[in-house]
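Below is one structure; the comments refer to it alone.
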Amino acid sequence: MKLHQYMTAAAVVACSMTAAHAESWRMATAYPETNFHTVNIQEFVNEIKDATDGKLDITVHANGSLIRPGELKNAVRSRQVETGEFIISGLANENPIFAVDSVPFLAVSYEDSEKLYEITKPYLEDLLGRQNMQLLYSVAWPPQGMYTDREINTIDDLKGLRMRAYSPQTERLAQLSGAVPTQIEAADLAQAFSTGRVNAMITSASTGVNSSAWDFLSHYYDVAAFLPKNVVVVNKRSFDALDDETKKVVLDAAAKAEKRGWERSREERVKQTKLLEDNGIKVSSGSDELRAALLEVGQKMAAEWSKEAGKEGETILNAFQQ
Ligand code: PCA
């Protein structure tokens, strides 16, 4: 081997050693820094940094500041960022399996949501895997209720209200309730309400508090329609490029973050619902009439989902109902 060839080989080795020894990743998320999912993610990346002695250093870019929420999945898929978090039902138009956690009144408790997650996890892993992504963990939002800028007694009172939606399911729910849906990202909520683009929304107590809902809205109907989940994913090539030890650190930290996240979500429900009340929002579970009508909407959506999800959907529902 000639001298310059030795030198080239040495340079290649030096480069790959550097790559193996210090990695800086970017993580993009859609929700604010104070949101409990984001706080959990920050702890997750801190733990990875500590456990690898800084070899894997992940910087979190929250609130859609690096990647617009609607672009998040494709950004991880194409490796524009190595890792990211997004709401899985946002992908419902790709495959109905992504929407099962958002079928209203199918799984309304944390226990049922966890059960549904365990059943659907292999499907999610497979579907995300086909798009070059590995599922690291998933955590549910607190139950979804309805916020309005006026008192609602029956479903007819929702007629014509402009209702903010964040997924195909929330859009359909608004539509079937007689409202007019508008797709708005969580990061844009305050602006949308202050400019009068919307006067109602379906979301959790968390997002209500994160967006200071009391500045624009007066009522929260805590109907607990469903618990949508966020997923934290990593680009497969980025993950595969890690050494085995680092991979294990990431997977262990992910398992811990998942457990911690579900616990925090439970606490969040209680804590943030109280904060809504403390700030003047009238919180109630809604009239019997309203709840019965929303249940009917839910049944309609469940039938639509089953039709779309076909055999796979049937398998999932059978396992869930056992
Ligand atoms: N907050 C997110 C999704 C579900 C939730 O509770 C949002 O409103 O966009």
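The values are calculated or read from the model by the stated rules, or taken from the named source; none is laboratory data. From a predicted model like this one, the values you see are computed outputs, not experimental measurements. Counting neighbours? That spans all protein chains shown, and the Cβs are built from the backbone with ideal geometry, glycine included.
Out of the residues in segment 144-156 that are in contact (Cβ under 8 Å) with a residue 24 or more places away in the chain and surrounded by fewer than 23 Cβ atoms within 10 Å (Cβ to Cβ), which is nearest to the ligand (Cβ to nearest atom)? So, considering only residues that are in contact (Cβ under 8 Å) with a residue 24 or more places away in the chain and surrounded by fewer than 23 Cβ atoms within 10 Å (Cβ to Cβ), the one nearest to the ligand (Cβ to nearest atom) is T148. Taking segment 264-317 as the range and being more than 19 Å from P104 (Cβ to Cβ) and more than 25 Å from the chain's Cα centre (by Cα) as the test, the residues that pass are D278, N279, G280, K282, K311.
All conditions but one from (1) within 16 Å of the ligand (Cβ to nearest atom); (2) crowded, with 20+ Cβ neighbours inside 10 Å apply to Y137; the one that does not is (1).
Before we move on, is G196 in a loop (DSSP other than H, G, I, E, B), modelled with pLDDT under 95 and away from the ligand (no atom under 12 Å from the Cβ)? Considered against the rule, which asks whether it is in a loop (DSSP other than H, G, I, E, B), modelled with pLDDT under 95 and away from the ligand (no atom under 12 Å from the Cβ), G196 comes out as yes.
Matching residues to (1) touching a Pro at 6+ places or on another chain (Cβ under 9 Å); (2) part of a helix (DSSP H, G or I); (3) free of Cβ contacts under 8 Å to residues at least 60 places away in the same chain:
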position: L72; (1), (2), (3): no, yes, yes
position: Q80; (1), (2), (3): no, no, yes
position: F98; (1), (2), (3): no, yes, yes
position: D101; (1), (2), (3): yes, yes, no
position: P104; (1), (2), (3): no, no, no
position: E111; (1), (2), (3): no, yes, yes
position: E114; (1), (2), (3): no, yes, no
position: T120; (1), (2), (3): no, yes, no
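Among the residues of segment 45-64, those that are within 24 Å of L91 (Cα to Cα) and either more than 16 Å from the ligand (Cβ to nearest atom) or touching a residue at least 60 places away in the same chain (Cβ under 8 Å) (or both) comprise V60, H61, N63, G64.
Flag set for I41, criterion: within 23 Å of Q131 (Cα to Cα) and buried (at least 16 other Cβ atoms within 10 Å of the Cβ).
A quick yes/no check of all residues on (1) more than 16 Å from the ligand (Cβ to nearest atom); (2) surrounded by fewer than 19 Cβ atoms within 10 Å (Cβ to Cβ); (3) not polar (S, T, N, Q):
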site: K115; (1), (2), (3): yes, yes, yes
site: K121; (1), (2), (3): yes, yes, yes
site: Q131; (1), (2), (3): yes, yes, no
site: L158; (1), (2), (3): yes, no, yes
site: T170; (1), (2), (3): no, no, no
site: L173; (1), (2), (3): no, no, yes
site: D188; (1), (2), (3): no, yes, yes
site: I202; (1), (2), (3): no, no, yes
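Of the helices (runs of 4 or more DSSP H) contained entirely in segment 202-280, those carrying at least 2 residues that are touching a residue at least 40 places away in the same chain (Cβ under 8 Å) and over 23 Å from Q134 (Cβ atoms) fall at 205-210, 244-278. The residue list G298, G313 contains one member that is more than 16 Å from the ligand (Cβ to nearest atom), in contact with a Ser or Thr (Cβ under 6 Å, 6 or more places away or on another chain) and within 22 Å of S167 (Cα to Cα), which is G313. Taking (1) touching a helix residue (DSSP H, G or I) at 6+ places or on another chain (Cβ under 7 Å); (2) not in a loop (DSSP other than H, G, I, E, B) in turn, Q131 satisfies each apart from (2).
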